[in-house]
1. Apply 1/(1 + (r/R0)^6) to the Cβ-Cβ distance of Lys81 and Glu246, taking R0 = 51 Å, and write down the FRET efficiency to the nearest 0.05.
2. Listed highest first by mean packing, meaning other Cβ atoms within 10 Å per residue, what order do 421-430, 331-340 come in?
3. Using a 7 Å offset from Cα along Cα-Cβ at Asp186, what residues in region 229-268 end up with backbone N under 17 Å from the label point?
4. What ³J(HN,Hα) values, in whole Hz, does the Karplus curve 6.51 cos²θ - 1.76 cosθ + 1.60 give for region 393-408 when θ = phi - 60°, with x put for Gly and Pro?
5. Report the label-to-label distance for Val342 and Lys364 in nanometres (one decimal), using points 7 Å from each Cα along the Cα→Cβ vector.
6. Can you list the GluC sites (Glu not before Pro) in region 245-306 that are in a DSSP coil and have 16 or fewer other beta carbons within 10 angstrom?
7. Can you give the percent of C-alpha pairs in region 281-398 whose distance is more than 25 Å?
8. If the convex hull of the alpha-carbon atoms of region 192-257 is projected onto planes in all directions, what is the mean projected area in square nanometres?
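Only the coordinates and a few stated rules stand behind these numbers; no lab work does. This structure is a prediction, so every number in the text was calculated from the model and none was measured. Cβ placement follows ideal geometry from the backbone for every residue including glycine, while neighbour counts extend to all protein chains displayed.
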Amino acid sequence: MDNQEIKPESILSKLESIKYSRILLVAFIALLCSVLVHFGLQSNQRAAAIQSSKVRLGNFDVVPPNLKYGFLLDSFQIDEKTILANEFISDILTRYKVNYLDIEHMVTTYKDVFDVRLLRAGKPYTVLSADTSQTADYFIYEPSVYSYIVFDFKNKTVQKVERPIETRIEKASGIIETSLWNTMVDNGLSFELTAKMEDALAWSVDFHYIQKGDRFKLIYERNYIDGKPVGVGEIKGAYYKNYDNEYYAFLFENDRHSGFYDYEARPMKKAFLKSPVQYSRVSSGYNLRRFHPILKRRKPHYGTDYAAPRGTPIRAVADGVIVKKGYTKGNGNYVKIKHDKVYQTQYLHMNGFAKGMGNGVHVKQGQTIGYVGSTGLATGPHVCFRFWKNGRQVNHLRENLPPPEPMPSEDIPKFNEIRDVLKVELDSIEFKKMDRVVEDQTTQDSTLTSNP
Ligand SMILES: [Zn+2]
């Protein structure tokens with residue numbers, strides 16, 4: 001590996017020219033960030049530097065206008081409140097002397113722009129009045145950080161405004177002390193980023209078997225609105241060191257592919273996922289001499305048990321066809337999938353099945369087929385995962401499973417170009433405790449169903 005010095009700014013601009021859109025803004029912000037990181041600024045100072053709205057010009061502070069929702073706030077009476085339980089838009093607006101017929105007319109005319117039944121208790125709204133009469137000129141409702149709705153009572157219109165999302169490229173790293181989740185939290189990284197890292201590396205790293213001293217590095221997109229982090233975009237590159245094995249994952253997208261590839265351009269995505277449940281732990285492995293906790297005798301355990309909270313989605317580990325969806329006293333609710341002539345998988349003790357499951361139904365890798373439960377002979381909520389090879393149950397963690405299709409050779413030069421830029425960037429990240437950053441505001445958008 002030639003580890004020649006390349007300035008971060010040239011790498012980032014190279015990345016930009018290779019693929020990424022949102023060109024100028026992202027490149028500029030990324031450059032600014034990398035320069036600030038370079039000088040060792042703390043992330044809060046960094047954020048402050050970017051957000052700072054006060055500009056010094058000569059000896060004078062230039063204070064920018066007080067703008068919100070595109071309005072010059074200094075010229076209005078402002079009322080900022082949150083929707084109460086069981087409060088309707090008419091309840092609010094009649095308090096601000098808006099004519100009931102006007103409300104009804106606007107609500108019906110603009111129901112495709114905003115359906116007022118979607119008002120939610122606890123969400124913020126702002127009323128602007130041009131004079132002291134307390135008569136509303138504008139009602140602004142904010143359903144999420146991503147957009148807001150403006151009711152304009154002068155022009156009798158309703159408009160939805162999407163806030164511009166600014167994407168920055170950021171870096172993260174960590175060394176596992178207790179668990180991956182704790183390490184991410186200790187380093188001020190969000191659950192969303194943890195989940196995306198697991199997805200990027202899921203086919204190479206078995207996150208059930210990570211250990212103290214494992215380390216990771218990430219290059220990823222972070223979305224900002226008005227300078228505040230609102231969520232994680234795509235992971236561009238990931239590195240993970242587990243025991244003595246090093247793994248790289250590079251995002252590559254064109255009109256034929258979209259996914260993660262290793263250094264040799266082999267897809268990270270394998271024909272089989274390592275486990276049927278995310279964010280779980282192996283509570284009992286494949287063991288031919290196991291003592292059964294309920295039957296109180298030795299009974300071979302032909303499966304791997306993954307403990308997870310009741311209701312956690314169970315996913316098909318590979319594409320296939322459901323050959324059996326049923327219930328037995330021992331298995332509880334279960335599904336068995338045939339993947340090809342050789343392999344079948346089975347998932348036991350489900351709380352319930354996913355919608356549309358049935359004998360003969362085709363399922364895709366990663367598709368939810370049911371939910372974790374404890375039906376049948378089970379002491380607590382878990383999935384007993386069984387892996388069949390040529391009609392015999394085997395330990396799937398010991399199997400050499402079929403390799404994925406390689407990337408077509410015509411795409412490799414382009415891939416190598418992106419990979420080389422990302423690898424230099426990844427390798428230059430140092431392992432150290434990151435500054436704590438503001439938790440993303442979009443926790444409600446998180447797909448997580450369980451705690452670490
Ligand atoms: Zn089991």
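1. Working: r = 54 Å, r/R0 = 1.05.
Given R0 = 51 Å and the Cβ-Cβ separation, E is 0.40.
2. Values: 421-430: 17.3, 331-340: 20.1.
Packing order, densest peptide first, comes out as 331-340, 421-430.
3. Once the point is set 7 Å along Cα→Cβ of Asp186, 241-243 turn out to lie under 17 Å by backbone N, inside region 229-268.
4. 3J(HN,Hα) across region 393-408, in whole Hz: 7, 10, 7, 5, 6, 9, 7, 8, 7, x, x, x, 5, x, 5, x.
5. 2.5
6. The qualifying sites are Glu264.
7. Details: 1080 of 6903 pairs.
Above the 25 Å cut-off, region 281-398 has 16 percent of its Cα pairs.
8. Values: hull surface 22.8 nm².
Averaged projected hull area, Cα only: 5.7 nm².
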